[in-house]
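Each remark here refers to the structure printed beneath this line.
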Amino acid sequence: MGEETIVYWVGAAIFGCTSLLFAVLDKRRQDEELLFRSNTFVSFITTISYVVMALALGTAVAENGQPIYWTRWLFYIASCSILTLDIAFIARKPASEKVEVALFTGLTMFCGFLASMVVTVDRWWFFALSSAAYIGMLYTLFKRSSDERVNVTSIMWFVMVTWSLFPVVWVLAPTGLGVFTTLVEAILYLALDCTTKIAFGLYISTQQHTTK
Amino acid sequence: MGEETIVYWVGAAIFGCTSLLFAVLDKRRQDEELLFRSNTFVSFITTISYVVMALALGTAVAENGQPIYWTRWLFYIASCSILTLDIAFIARKPASEKVEVALFTGLTMFCGFLASMVVTVDRWWFFALSSAAYIGMLYTLFKRSSDERVNVTSIMWFVMVTWSLFPVVWVLAPTGLGVFTTLVEAILYLALDCTTKIAFGLYISTQQHTTK
Amino acid sequence: MGEETIVYWVGAAIFGCTSLLFAVLDKRRQDEELLFRSNTFVSFITTISYVVMALALGTAVAENGQPIYWTRWLFYIASCSILTLDIAFIARKPASEKVEVALFTGLTMFCGFLASMVVTVDRWWFFALSSAAYIGMLYTLFKRSSDERVNVTSIMWFVMVTWSLFPVVWVLAPTGLGVFTTLVEAILYLALDCTTKIAFGLYISTQQHTTK
């Protein structure tokens, strides 16, 4: 286990702090229509995920010898489904589409887990299945978006752009083509986690205080 | 890994196609009371399951030396719970019974997973627990069925008969008594999967277009 | 595998019987507002859990050489989330807090699983995370409890006291400091399981028949 361990402890510390931060921030908007204090749970689940990676519980070895921390994707099943459910709530999607968005997200991350755990060339089957579920999720989220508020659309574009960088990192990291090392991968995923979970969470928290 | 691998790739191809087919078919009945585009998800989850079996990720060896692909049952937890939830919706069961039907189905498949993964004589404990959960599911689904539409009952009889063939295959396959080989098992399960997931899905899709 | 195996078979027998008992008892109060026949499912899931421990599927070895049966905690994710959801229903919490209580419970037990499976000193990280989730669950359950019925509060105090003994056993057992053996641990957990799942279940079943 190499230098990426430090990155994972840093990630655990950051998300441990934001779990507490969101527990306080989310408390204030109890009367909102949102499902529950979702940001607290997303940060808390991500904290557990980073501790699991820091302790290197559950890793594989890529064909180029670099370690693969596939546990990340199992935690994404929960945390990212909560996030997209949150977006579906903000976009006032009907109940059936909320379920679909969450299920597609869960399947995207589950196939991402399989794609990361399998180190042979067969992993690309799961990359393809994960991409299919991801497209299904984006399609469900974006369709009929014309009759919705401008804010919602801007949130969804933000989500589409930042979330789509995860598979790009996956392809370039040792999980995919191995263009860069596990250390670079760990730093990039941490940056993306902070953007999609903390910055996004702060944005929707503030947004809703203003519009109330 | 033997000839059953071909059967699994065929299954993956079939369910990959029906995932797309149902994505189109289900789209048309957006205004129905059903929970969500359940057939698409059932087919998609089954596709992943068949790819996992084709790549032989997670197998055990039966006492007679035949391979056991126990991963199938983990995917059934999700796909079959969605299917029975669907049936509970069609049968207009109250919300509490919908939850019960889905939970009983999930427990049936989870015990089926344990029964398949354990290769000693102790596997029959889990077969018994799985059967108990299955009976609970059927009981919840069938009780007070007299005050419901004839169509619903015919769907439920179809489900009871076809679903009950799964444990029969399990008992005769290497997972149980080993009367036939893993190859025969793979073919029979594929036939049953097509019946309970594709034929059933097409039936309820068509049915609802007619009655609308 | 030592004498604790007998304790696990006794537990499996007890919870097998109470699954049937609650299936009959819960049936009578079909018209209640409760989510579903939760006690039956809690007992049934616990039965599976005890059979899995009796067969010693999935164990680790503590630093003092004693066996650790970590599978218990995976089953607690499901059974205890159902229990706290039940309590949240009785306490007439709003929907969002029901979800939070169930999620916090699930995370408490999931971190308990990680804390039990990891046998190095790092396990205390997960013990800390599990405790944090547990405090979050208790906080969500207890806040604003002043404007609720006396009965509800007495149930919640009962829950807080008995549930809080689980981490005490964990700390004193081979999973923690190793003050007593796995056999003593198995007996204590069985006593706590009977208290929190059977006694609690019978209490709320009777309570509701009286108040109806």
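The values are calculated or read from the model by the stated rules, or taken from the named source; none is laboratory data. Because the structure is predicted, anything quoted here is derived from the model rather than measured. Because the Cβ atoms are built from the backbone with ideal geometry, glycine has one as well, and the counts that use them run over all protein chains shown. Heavy atoms of the whole protein, side chains included, go into the accessibility calculation; ligands, DNA and RNA do not. Shrake-Rupley method; radii C 1.70, N 1.55, O 1.52, S 1.80 Å.
Distances between equivalent label points of A:Arg92 across the copies, with each point positioned 7 Å along Cα→Cβ, amount to 3.0, 3.0 nm, shortest listed first. Placing a label point 7 Å from Cα along the Cα-to-Cβ direction at B:Ala13 gives distances to the equivalent points in the other copies of 5.5, 5.5 nm, listed shortest first.
Buried area at the C:A interface is about 1600 square angstrom, summed over both chains, from accessible surfaces computed with a 1.4 angstrom probe. Among the protein heavy atoms of the protein assembly as shown, carbon and sulfur supply 72% of the accessible surface, probe 1.4 Å, non-protein parts ignored.
Is the shape of the range B:103-206 rounded, prolate or oblate, going by the alpha carbon gyration tensor and its root eigenvalues a ≥ b ≥ c, with a/c under 1.5 for rounded and a/b larger than b/c for prolate? Oblate, since a/c reaches 1.5 and b/c is not below a/b. Under a model in which nothing but the beta-carbon of Lys, Arg (+1) and Asp, Glu (-1) is charged, the range A:1-111 shows a dipole of about 280 debye around its Cα centre. Accessible area per residue was computed with a 1.4 Å probe on protein heavy atoms; C:Met137 scores about 0 Å². The mean number of partner chain beta-carbon atoms within 10 angstrom of a residue's beta-carbon across peptide A:93-103 is 4. Ranking B:Ile68, C:Leu129, A:Thr182 by how far each Cα lies toward the positive end of the dipole of the protein assembly as shown (charges on Cβ) leaves C:Leu129 at the top.
Going by a ≥ b ≥ c, the root eigenvalues of the Cα gyration tensor, does the range B:1-146 fall in the rounded group (a/c under 1.5), the prolate group (a/b larger than b/c) or the oblate group?
In terms of gyration-tensor shape, oblate.
Rolling a 1.4 Å probe across the protein heavy atoms gives chain B an accessible surface of 39 Å² per residue.
Which whole number gives the average count of other chain Cβ atoms within 10 Å of the Cβ atoms across peptide B:36-47?
4
Pairs of Lys residues in chain C that lie 8 or more places apart, or on two chains, and have C-alpha atoms under 18 angstrom apart add up to 4. Is the protein assembly as shown rounded, prolate or oblate when judged by the Cα gyration tensor, a ≥ b ≥ c being the square roots of its eigenvalues, rounded requiring a/c under 1.5 and prolate requiring a/b larger than b/c? Rounded is the answer for the protein assembly as shown, as its axis ratio a/c remains below 1.5.
For the peptides A:101-108, C:16-23, B:63-70, what is the packing order when you average, over each peptide's residues, the other Cβ atoms within 10 Å and list the highest mean first?
A:101-108, C:16-23, B:63-70
Between B:Ile135 and the same site in the other copies, what are the distances in nm, shortest first, taking label points 7 Å from Cα along the C-beta direction? Relative to the other copies, B:Ile135 has label-point distances of 4.7, 4.7 nm. Look at the dipole of chain B built from charges on Cβ: of B:Val118, B:Thr108, B:Ser205, the Cα furthest out on the positive end belongs to B:Ser205. Relative to the longest principal axis of the Cα atoms of chain A, the long axis of helix A:182-193 makes an angle of roughly 0 degrees. For chain A, the relative contact order works out to 21 percent when only alpha carbon pairs closer than 8 Å and six or more residues apart are counted.
To the nearest ten degrees, helix B:123-142 and the longest principal axis of the Cα atoms of chain B are 10 degrees apart.
The long axis of helix B:200-211 is offset from the longest Cα principal axis of chain B by roughly 10 degrees. Electrostatic tally near C:Pro167: other residues with Cβ closer than 15 Å to its Cβ, Lys and Arg +1, Asp and Glu -1, net 0. Near A:Gln66, once Lys and Arg are set to +1 and Asp and Glu to -1 for all other residues with Cβ below 10 Å from its Cβ, the sum equals -3.
Using a 1.4 Å probe and counting only protein heavy atoms, arrange A:Phe127, A:Phe44 so the residue with the most accessible area comes first. If you can, show how the numbers build up before the last one.
On the way: A:Phe127 50, A:Phe44 25 Å².
Accessible-area ranking of A:Phe127, A:Phe44, largest first: A:Phe127, A:Phe44.
Once all protein chains are placed together, A:Trp124 keeps about 80 Å² accessible to a 1.4 angstrom probe. Each residue, B:Trp124 and C:Ala60, gets one label point 7 Å from its Cα in the Cβ direction; the gap between the two is 3.5 nm.
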